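The values are calculated or read from the model by the stated rules, or taken from the named source; none is laboratory data. This one's a predicted model, so the numbers in the text were calculated from it and none came from an experiment. Heads up, the Cβs are rebuilt from the backbone with ideal geometry, glycines too, and the neighbour counts pull from every protein chain shown.
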Amino acid sequence: MCNLYSQTKSQDAMRHLFDPVVQVGENVADLTGNLPPLPAIWPDYPAPILRHGAEGGWQLSMARWGMPTPPQFLAGKRTDPGVTNIRNLASPHWRRWLGVGHRCLVPFTRFAEPDSRPGPGKGKPVWFALGQEEPLGFFAGIRTDWTSVRKLKEGEVTVDAFGFLTCAPNREVERVHPKAMPVILVRPEEWRIWMTAPIEQALELQRPLPDGELDIVIEEADDHSA
């Protein structure tokens, strides 16, 4: 489960990465303000997403990481910090947010998975990126406006919340974390499909990134036994 990622590129870089998808008459409105690099994005942190604009076009805006938790997991709890990783899209809880208007793209430069290999690094984060230079990519995400108590000290708030899809791991991630990896979209045609296509076509993208397209860029401990 990915509960830590980074986004360290500029707002211009995020917008221009999306340029191949923007059609005549569309634009990307930037509502993020003065956005610094975000080297460590944790659950419930605010982070940028690319979403459909309220009046057409596209919007780069901030949202909090963690979609509403299914009610059966909230019994007896006073807060709902949200669900960051979403895999079972057949669940009625998630189906309500699979329409085009709720889909988003989550920019990232690297993401961490807990190391499951035996040795001194077990449980520590291993960071993956789309190359040693950590170019931008997108997670396939969903979002919604939601009112809840995410933190007791904060009380009830209405936020734009997001989470991203997961799938079986590819070869690189499986060696470290065999349970899952984020759904990563790296090609403009995939971005357009996720953001605009009927759900049956869009969900074909819930699949591992092809083997060989991820590098380990940071590893806490290199001494792992077989």
For this session: Pick out, from region 1-45, the strands (runs of 3 or more DSSP E) lying fully within it that include 1 or more residues that are of a type in the set (D, E, K, R) and at negative phi.
Result: 28-30
Problem set entry | Lone qualifier among Leu98, Leu165, Leu209 - being modelled with pLDDT of 95 or more, touching a Pro at 6+ places or on another chain (Cβ under 9 Å) and in a loop (DSSP other than H, G, I, E, B) | Leu209
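Residue by residue, here is whether (1) modelled with pLDDT of 95 or more; (2) of a type in the set (Ser, Thr, Tyr); (3) outside any strand (DSSP E or B); (4) within 19 Å of His177 (Cα to Cα) holds:
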residue: Cys104; (1), (2), (3), (4): yes, no, no, no
residue: Phe111; (1), (2), (3), (4): yes, no, no, yes
residue: Pro118; (1), (2), (3), (4): no, no, yes, yes
residue: Lys122; (1), (2), (3), (4): no, no, yes, yes
residue: Phe128; (1), (2), (3), (4): yes, no, no, yes
residue: Pro135; (1), (2), (3), (4): yes, no, yes, no
residue: Phe139; (1), (2), (3), (4): yes, no, no, yes
residue: Ile142; (1), (2), (3), (4): yes, no, no, no
residue: Asp145; (1), (2), (3), (4): yes, no, no, no
Exercise. How many residues, within region 95-133, are among the polar types (S, T, N, Q) and surrounded by fewer than 13 Cβ atoms within 10 Å (Cβ to Cβ)?
Worked result: 1
Problem set entry | Checking Pro178 against (1) touching a residue at least 40 places away in the same chain (Cβ under 8 Å); (2) closer than 22 Å to Trp94 by Cβ; (3) outside any strand (DSSP E or B), the condition it does not meet | (2)
Problem set entry | Verdict on Leu50 being assigned to a loop (DSSP other than H, G, I, E, B) and either at pLDDT below 90 or closer than 23 Å to Thr84 by Cα (or both) | no
Problem set entry | Residue ID - surrounded by the most Cβ atoms within 10 Å (Cβ to Cβ), chosen from residues in region 134-168 that are without any contact (Cβ under 8 Å) to a residue 40 or more places away in the chain and touching a strand residue (DSSP E or B) at 6+ places or on another chain (Cβ under 9 Å) | Pro135
